[in-house]
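All of the numbers you see were taken from the coordinates with simple rules; none came from a lab. Treat the numbers as computed from the prediction; the structure is a model and nothing was measured. All Cβ positions, even for glycine, are placed from backbone atoms using ideal geometry, and neighbour counts span all protein chains on display.
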Amino acid sequence: MTTELLYSAAINNFNESFSVIQNFGLGMVVSCILGYFISIIYKYKNSYSKSFVITLALLPMIVQTVITLVNGNLGTGVAVMGAFSLIRFRSAPGGAKEITAIFMAMAVGLAVGTGYYLLAFVFVLLIGSANIIYEKLDIGKSKENEKLLKITIPEDLDYETLFDDILCEYLNSWELIQVKTTDMGSLFKLSYQVCFKDNMNSKAFIDELRCRNGNLEIALSRSLIKDNEL
C-alpha cells in the first residue's frame, strides 16, 4: 500500500512538473513572439541601437520568468522587477519613447506570466496600431521654423535684455528656457526656444549675435532635444 502511494505521488509530481514546464515553455514562446513585435513597433520612425532593440525583445521573457518564479504573485514580481530596473536605469535615463517601450514590454511579460496570453496579443496589437497612427499624424510635431538656440556669454553681461532687439528683428517668438553657468562661473550658457519669421537668414542672425556676445559659442539646432542635452 505504501509503495502504491509513493508511486502515485511520484506520478502526480511528474505530471504537475511536466504541466508547469509545458506552460512555462508556451509562455516563453508567446513572450518571444510578442517581444519581437514590440521591437519592430519601437523601430518604426525611431532612432535606435541594436542593444536596446534586443533588450526590448527579451524583456517580456525575463518578466514572465520572474512572475513564474514567484508563483504568479504579481506584487512580489513587480517588486523584484522594480529592483532590477533601479540597478540599470537610475543612472541612464531614456527619452519618453524608450521608457514607453520598456513599460510596454514589461506589461506584456506580466500578462503572459499570469496566463493572459490573448490579452497580451490584443495589447500589443492595439498599442502598435495606435503608435503607427500617431506617428503618421502631426500630433506634437514641431513647426519647421521652431529651433533651439544656445548662446554663451561672459558672466558680466546682463542676459535678460542683451539680445532683445536682435531677437525681435528675426523671430516671431522666443522663450528663455534655461540659464547655466560654465567655465567656473565665468560664462553663462543661455538656451532659447525660438520661432523664426518666414524667409529669415539664419546666418545673418547668428552673425549679429556673435557681435553681441564677443564671438563666443552659439548653436542653433532643431527644437526637439532631450532635457539632458541642453
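Structural remarks
- Taking 7 Å steps out from each Cα toward its Cβ at residue 51 and residue 183 produces label points 3.4 nm apart.
- Too-long pairs where the Cα-Cα distance tops 27 Å, listed order kept, from 97/136; 97/203; 136/180; 43/150; 180/203: 97/203; 136/180; 43/150
- DSSP-assigned coil residues among trypsin sites (Lys or Arg not before Pro) in the range 151-230, each with at most 13 further Cβ atoms within 10 Å: 197, 226
- The Cα center of the range 94-129 and the Cα center of the range 201-216 differ in position by 48 Å.
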